[in-house]
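Undergrad: Quick one: the structure is below, and I'll ask about it shortly.
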Amino acid sequence: MTYQVLARKWRPRTFATLVGQEHVVKALTHALESQRLHHAYLLTGTRGVGKTTLARILAKAINCETGITPTPCGKCSACAEIDAGRFIDLIEVDAATNTRVDEMRQLLDNAVYAPTRGRFKVYVIDEVHMLSNSAFNAMLKTLEEPPEHIKFILATTDPQKIPVTVLSRCLQFNLKQMTASAIAAHLERVLKDEGVPAEPAGLRLVAHAARGSMRDALSLVDQAIAYSSANVTEASIRGMLGTVDTGDLFELLDAVTRRDAAAALAVADAMEARSLSFDLALAELARVLHRIALAQTAPDALPEDTPERERVSALAKALDQEDVQLYYEIVLRARPDLPLAPDEYAGFTMAIMRMLAFAPEAPGTRSDGAATPRSAPAAPAAPEPIAPRAAKFDGDWPGVARVLKITGAAKQLAERSELIAFTGDGFELAVPPESRALADRGYVDRLKAALADHFGRPLGVTVKVAAVNGRTAAAVAEGERNVRTAEANAQIEADPFVRELVIGLDATIESVKPVEQGTGS
Ligand SMILES: [Zn+2]
């Protein structure tokens, strides 16, 4: 018996079996039922979400010998040949390898001829954004006056690179990245059907590693079956993926929370001994910190199936929100720096030591020389309630400015100023000329008081008027706002209803580009 890889065997052949794309399926079903067909469809979405699979199902839906239907029979010669990838009127082109204009032109020259077998000649152009401009122009001519028997199904991971002249002639559908829990549930069904025993926790790991791609998830399961001799356990999946046991990461965070440096480093050593990927460990650590932050700010948003839910909740109570934010940032920044570190172990343990160095101090343990983080990790100390917060300055002035308990103009002074120097006893700040009013003595004194409160000791503040370079809390916040706006725009654009409106009304959605963090403001 030949073994067929799961991703191929389980490739959906009907709209009904297409997992996680209900919104697209609903719209297409409706259009097919009412026989309203467009000349061109654009399917967008990240790799592996099922764009070409959907294109093939659509090709069957319009070519099935039983008639145009959302439920193609799967049995007639058109359906069978499309499933087998040898239907003469289905022309699949990978634009990544056919970008030349003469290839495109030749392809489109043939478009004028009527289909040989089917009702429609269907051109599926994958990664269409890779076409050259002249190839796009050649296609545009056909799109402008398409012969009745032609359908285009364009697929892309990067719709922004498609000329708007082409976009405006397509009905666009955005395929969603599948959630890890939807993927895990599907994998469970597949393996049950295949008669392969599998631990749900292991499948969840696969689902996370696949990052929204069902195809990747199924390929990983194929590997796991081979790797574990057909007994897919959590341990075997961890071994295969090189993923860290989240238990290790919780132990590490527990140690950081207790300020037990020795215990935290021992966890890293144990990970090193098992040659786990520290890059994946940092990614997983960021994921755990994100869950902790969620548990702190919006406990209801924490999904029911969150792994290690109780430990997440415990850490959410033990840590304060600012620390979680700080740890998250340290972990995120450590990841791109990993290749620059002497080795992955050094990069990973430096991140842990940064977390330890900037952790809040228990009262009475304040050391002098606040500018330099403790060089040696502190001895394990019993967890103590952290009374008035006393922090160390880690060089991140915008970060401090954001959290100071301060209002009004003094807050603006904190947020619009840039750090020139920190001497250990005080801050030298600069405000840009347009904000010179903030350098007022009264505001400076209020800022001083807030800093003393935050750091638990008196600190000086001098403010001068000078050009700033953009390292201010206000500039950082603006950058974040732009990212959020861009994300919101992407969500709006992804909404099929909005898309249809945009296409129908020939309107455009204004998108906001992230601004350059320039000098001045
Ligand atoms: Zn059929």
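The values are calculated or read from the model by the stated rules, or taken from the named source; none is laboratory data. Everything numeric here is computed off the predicted structure, so don't read it as measured data. Backbone-built Cβ (ideal geometry, glycine too); neighbour counts: all protein chains shown. Note: accessible area is taken over every heavy atom of the protein model, side chains too, but ligands, DNA and RNA are not part of it. Shrake-Rupley method; radii C 1.70, N 1.55, O 1.52, S 1.80 Å.
Undergrad: Being within 25 Å of the chain's Cα centre (by Cα), closer than 13 Å to Pro398 by Cα and small (Gly, Ala, Ser) is the requirement here; does Gly470 meet it?
TA: no
Undergrad: Same structure again: For region 450-471, which positions are outside any loop (DSSP other than H, G, I, E, B) and free of Cβ contacts under 8 Å to residues at least 40 places away in the same chain?
TA: Ala452, Gly460, Val461, Thr462, Val465
Per-residue answers, yes or no, for (1) open to solvent by 60 Å² or more (accessible area, probe 1.4 Å); (2) over 30 Å from the mean Cα position of the chain (by Cα); (3) not polar (S, T, N, Q):
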| residue | (1), (2), (3) |
| --- | --- |
| Arg8 | yes, no, yes |
| Glu33 | yes, yes, yes |
| His38 | yes, yes, yes |
| Lys60 | no, yes, yes |
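Undergrad: Can you list residue pairs whose Cβ atoms sit under 8 Å apart, with the first residue in region 6-30 being under 16 Å from Leu58 (Cβ atoms) and the second being of a type in the set (S, T, N, Q)? Count only pairs 6 or more apart in sequence or on different chains.
TA: Arg11/Thr53; Pro12/Thr53; Thr14/Thr71; Phe15/Thr29; Phe15/Thr71; Ala16/Thr71; Leu18/Thr53; Val24/Asn174
Undergrad: For a quick check of your reading of the model, give me the residue pairs whose first member lies in region 76-88 and is free of Cβ contacts under 8 Å to residues at least 12 places away in the same chain, whose second is open to solvent by less than 40 Å² (accessible area, probe 1.4 Å) and near the ligand (Cβ under 10 Å from one of its atoms), with beta-carbon atoms closer than 9 Å and at least 6 apart or on different chains.
TA: Ala80/Gly74
Undergrad: What's the number of the only condition in (1) at pLDDT below 90; (2) of a type in the set (D, E, K, R); (3) within 31 Å of the chain's Cα centre (by Cα) that Arg117 fails to meet?
TA: Among (1) at pLDDT below 90; (2) of a type in the set (D, E, K, R); (3) within 31 Å of the chain's Cα centre (by Cα), the lone unmet condition for Arg117 is (3).
Undergrad: Could you list, ordered by first residue, the pairs with Cβ atoms under 6 Å in which the first is in region 258-280 and in contact (Cβ under 8 Å) with a residue 40 or more places away in the chain and under 21 Å from Ile237 (Cα atoms) and the second is aliphatic (A, V, I, L, M) and open to solvent by less than 70 Å² (accessible area, probe 1.4 Å), at least 6 apart or interchain?
TA: Asp279/Leu338
Undergrad: Give just the number: which of (1) buried (at least 22 other Cβ atoms within 10 Å of the Cβ); (2) over 34 Å from the mean Cα position of the chain (by Cα); (3) closer than 23 Å to His23 by Cβ does Thr69 not satisfy?
TA: For Thr69, the failing item is (1).
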